[in-house]
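*Asks:* Okay, handing you the structure first.
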Amino acid sequence: MALLNKVLNIPIRQEDVDFVMPDVDVDRRLGIDPFLLYRSPRPDFQQAHGLLLKFFRGVLETVKEGNLERAQHLLICPEPGEIGLGYTKHGTAGSGIGPEIAREIAYTFKNSPALLARGLRHIEELQLICPGVGPDRISDLTANVLKLFLIGYTQEQCKSWSLPLTKDVPISHYFDFDEFAWRDGYFALPVNPSTDGPLLFVPRRILRILPWINYDDYLGEYKRAFLKPVSRSSSLRLKTRSGAKKQEEGEPAPAPKPIVCKVTSQNTATLDAYIDRKEKDAASAEPSELSALQDRAKLKEHAELLKQELAALRTGNEDAYKYQDLVHRILTFCFHPHLTDGKPQERTHAGTIIRDLVFTNEGTRNFWRYLMQSYVNMFVVFELKNKNEIIGSDVDQIATYLGDTMGRFGILVSRTLEGSTSFNRRKYIFNKEAPRKVILHLSDKNLVELLDLRSALADVTDFIQTLYRKFMISIE
Amino acid sequence: MTPQEKARQTRERKKREEEERRIQEEKEREQELLNLVAKKQAFYILESELDGLYDEMDKLAKKAPNEPTTPLQLKIVNNFIKKAKHLMSSDTIIDEVEVFVPAGDNPEYRDIVTVLRQIRQGLQRFKTNNRYIFSKDFDSDLSDWEFDEEPPDFFADMNKPQDGTTE
């Protein structure tokens, strides 16, 4: 495996960043799950999901108009080699959606007035109505339609992590929604050193091994709706070939995918029931973690490196940027996928430069959703102080920043938690402000605890939740 | 002023001061008794509330110990815990009992039952340590008084916001 960071000799690792580090030689065995865009609390991700549906509505309009050739043309997508995802065993060249599959999709809708009238609520439903469409093709279609979104994301990440961008890198087959057509263009992007082609980064939090809506999961719904068990003596029972596995008593023979897809496309009520169930359970849809990020030995090794870096940093202005960069990496490592896309920023308050990290709250667990609902925290601000002694005005600085835009929950991060000044000031702010503002305080010791938890594959949410509870009880 | 008149004035002044002292002591004693009555009433309120609350939570804990409480149940339990801590503020064990802060995850029924049991035992200790107000002597002392006012609400100043410390 030749990860981009090793090939380009960049001092960041997969554990530090929000996106999948492209393997420049082989596709990573994951796919984009559009459902994770749908269920994300981020407006830009939800907008991206909206664009996918807009694309498909356009395709269906051309089918309704009888222009099947154009519909097929719109549906043809090559495998997006730029993102380096998929199930290809060797190399990065997969199949994408070719003319045959595009034709199959177009004709499925043409031949089903019910489906044509209904449209799609999620493009992953294509897996349930077209035999030739599987998870890989869903991912390919999504990546192609949302290529401009991924280009913007890649450029943003390169800026955050100071990765090299090359001007005027050619990108083929991106979708232009203004002209409603596929286009080619040139963009500033990182380049794959193996192929000299463009690289596009994909957020880790929209990747899964299998999409949330998938064929295997749907089969249960299908069986409940259409198949009934038959007894051994029934003439309806399929005769098994010799040597074939014997059916269990009462269990129906598995229906082949073409039949399932055909029946589903004619009976959309079952499809709707399945989709309703999956949408209701959206909170359980979580991204698949990369296998490298589940290897305890590797995680522990990485945590130890971060701890050593933290211990070596001096307090004061000289190491302030290094401290910001390191805390950024630590928090990304520890809090993904609950808090993602951390952006470092600087602002000035009364002549003092203040360094923040602003993370997006993905609302993946109850505690983070609670912050969204109770404190309006679509984002979580971490204010960084590369010093030991915290004075009242340090706490006031983060308090003035919290509000309707940034939420009313924030975290102050400094080197130590000496003295009672921080707590007293935070308690005062809590009691004085209406609506209430909560500020927690993390020190180097807490960051080390978080690193230990993460490297043991424990969820750090419990740690922050406990800290929050202790604070709320102590001010009662 | 003649020495006799001076002496008479001094006697009258002393008499007045004694009378004022007596009235002041009576008022203080009256207030003390009213506060004790309030405390006793608070005890009975909590005891009655605990009976119902404990039975309900215990039933639910037996059925589904791992299930989280509802937001309404949690609000009722937390209010009860605050009142219990206010009444038994000198009890070190009850002092360690904390309200539940859900923060997205409500506590389980079995945890609620554990805390309510602690409070039940705290109330038993409270009764033992305050024998006087539950005794006939207290009732007898009360009968000697005619109160002008009702006993205060023991829990009235419980929810006053803390100012926190500025610096």
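The values are calculated or read from the model by the stated rules, or taken from the named source; none is laboratory data. Model, not experiment: these values are computed from the prediction. Please note: Cβ atoms are built from the backbone with ideal geometry, for glycine as well, and neighbour counts cover all protein chains shown. With ligands, DNA and RNA removed, areas are computed over all heavy atoms of the protein, side chains included. Shrake-Rupley method; radii C 1.70, N 1.55, O 1.52, S 1.80 Å.
*Asks:* Return the sequence-ordered ³J(HN,Hα) values of the range A:320-327 in whole Hz as given by the Karplus equation 6.51 cos²θ - 1.76 cosθ + 1.60 applied to θ = phi - 60°, using x for Gly and Pro.
*Replies:* Ordered by residue, 3J(HN,Hα) equals 4, 5, 5, 4, 4, 4, 5, 4 Hz.
*Asks:* Enumerate the aspartates and glutamates that A:Lys257 could reach by cross-link, defined here as Cα to Cα under 15 Å, with residues fewer than 8 away along the same chain left out.
*Replies:* A:Glu104, A:Glu125, A:Asp216, A:Asp217, A:Glu221
*Asks:* In deg cm²/dmol, rounded to 500, what helix-only [θ] at 222 nm does the protein assembly as shown give when every DSSP H run of at least 4 residues adds -39500 (n - 2.57) and the total is split over its residues?
*Replies:* -16000 deg cm²/dmol
*Asks:* Tell me which residues come under 5 Å, amide H to amide H, from A:Leu442 once H is placed; ignore anything under 5 positions away on its chain.
*Replies:* The list, which skips near neighbours in sequence, is A:Leu412, A:Val413, A:Ser414.
*Asks:* To test your reading of the geometry: what angle, between 0 and 90 degrees and rounded to tens, separates the Cα axis of helix A:99-110 from the longest principal axis of chain A?
*Replies:* The angle comes out at about 80 degrees.
*Asks:* Apply the Kirkwood formula to the range B:27-126: the hydrodynamic radius equals the inverse of the mean of 1/r over all pairs of different alpha-carbon atoms; give it in Å with one decimal.
*Replies:* The answer is 14.4 Å.
*Asks:* Taking H as built 1.01 Å from N, whose amide H comes closer than 5 Å to the amide H of A:Val169, not counting residues under 5 places away?
*Replies:* A:Phe187, A:Ala188, A:Leu189
*Asks:* When the Karplus curve 6.51 cos²θ - 1.76 cosθ + 1.60 is applied with θ = phi - 60°, which whole-Hz ³J(HN,Hα) does each residue of the range A:141-147 get, with x for Gly and Pro?
*Replies:* For the range A:141-147, the Karplus curve yields 4, 4, 4, 5, 5, 9, 4 Hz.
*Asks:* Of the beta bridges DSSP finds with both residues in chain A, what % are antiparallel, to the nearest 5?
*Replies:* Approximately 70 percent, going by the DSSP bridge assignments.
*Asks:* A further question follows. List the equivalent ellipsoid semi-axes of chain B in whole Å, largest first, each obtained as the square root of 5λ for an eigenvalue λ of the Cα gyration tensor.
*Replies:* Largest first, chain B gives 49, 19, 12 Å.
*Asks:* Can you give the FRET efficiency for A:Asn317 and A:Glu69, using 1/(1 + (r/R0)^6), R0 = 60 Å, r = Cβ-Cβ distance, to the nearest 0.05? Display every interim value, and only then the final one.
*Replies:* Details: r = 65 Å, r/R0 = 1.09.
Computed FRET efficiency for A:Asn317 and A:Glu69 comes out at 0.40.
*Asks:* How big is the dipole moment of the protein assembly as shown about its Cα centre under a simple scheme where the beta carbon of each Lys and Arg is +1, that of each Asp and Glu is -1, and everything else is neutral? Debye, nearest 20, please.
*Replies:* 1500 debye
*Asks:* What's the angle, to the nearest 10 degrees (0 to 90), between helix A:392-401's Cα axis and the longest principal axis of chain A?
*Replies:* Orientation of helix A:392-401: about 30 degrees from the principal axis.
*Asks:* Taking only protein heavy atoms into account and a 1.4 Å probe, give the accessible area per residue of the range A:30-69 in Å².
*Replies:* Details: 1640 Å² over 40 residues.
For the range A:30-69, the solvent-accessible area averages 41 Å² per residue.
*Asks:* Can you run phi through the Karplus equation (6.51, -1.76, 1.60; θ = phi - 60°) for the range A:368-376 and list ³J(HN,Hα) in whole Hz, with x for Gly and Pro?
*Replies:* Ordered by residue, 3J(HN,Hα) equals 5, 5, 4, 5, 5, 6, 8, 10, 6 Hz.
*Asks:* Run the simple label-point estimate for B:Gln121 and B:Lys39 please: 7 Å along Cα→C-beta, distance reported in nm.
*Replies:* Each label point is offset 7 Å from its Cα along the Cβ direction, giving 2.3 nm.
*Asks:* As a test of the definition: with a 1.4 Å probe, what buried accessible area, both sides summed, do you compute for B against A, in Å² to the nearest 100?
*Replies:* So the total buried area for this chain pair works out to about 1500 Å².
*Asks:* Also: Test of understanding: express the Cα radius of gyration of chain A as a ratio to 2.2 N^0.38 Å, with N the residue count.
*Replies:* Output field value: 1.12.
*Asks:* Looking at this model, which pairs from A:Lys278/A:Lys445; A:Lys300/A:Lys470; A:Lys427/B:Lys82 are more than 30 angstrom apart at the alpha-carbon?
*Replies:* A:Lys278/A:Lys445
*Asks:* Sticking with this one: Per-residue Cβ counts within 10 Å, from other chains only, averaged over A:420-432: what number is that?
*Replies:* Shielding by partners across A:420-432 averages 3.
*Asks:* In addition: Hey, any idea what % of the range A:296-367's accessible area is carbon plus sulfur with a 1.4 Å probe?
*Replies:* 49 percent
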